[in-house]
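Let me begin by presenting the structure, written as structure tokens, before commenting on it.
Just so it is clear, none of the values below were taken in a lab; they were calculated from the coordinates. Since this is a predicted model, take the numbers as computed values, not measurements. For neighbour counting, all protein chains shown are included, and Cβ atoms are generated from backbone atoms with ideal geometry for every residue, glycine included.
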């Protein structure tokens, strides 16, 4: 039979493991964003300005290749 102490210990272990996993995923994502910006794959600074410059006549950030292909056909 499982006692309440064992259930509490299991709950604590799961909490610590879950928190460590979430922190690990968060740091991996930060490193991924930093490396992709350093390589020049994405410029996240222009995306951050999107919230400030949100008008109908604003310039387009990047072209959609699907729309470009449809126009050619």
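Per-structure values
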{"item": "Rounded tilt (10° steps) of 4-39 against the dominant C-alpha axis of the chain", "result": "20"}
{"item": "Ratio of the Cα radius of gyration of segment 4-72 to 2.2 N^0.38 Å, where N counts its residues", "result": "1.96"}
{"item": "Segment residue 63-residue 45, length gained on full extension (0.36 nm per residue, minus Cα span)", "result": "4.8 nm"}
{"item": "Distance between modelled label sites at residue 28 and residue 6, nm, 7 Å Cα→Cβ extension", "result": "3.2"}
{"item": "Full-stretch length increase - residue 35, residue 16 - with 0.36 nm per residue and alpha-carbon distance subtracted", "result": "4.0 nm"}
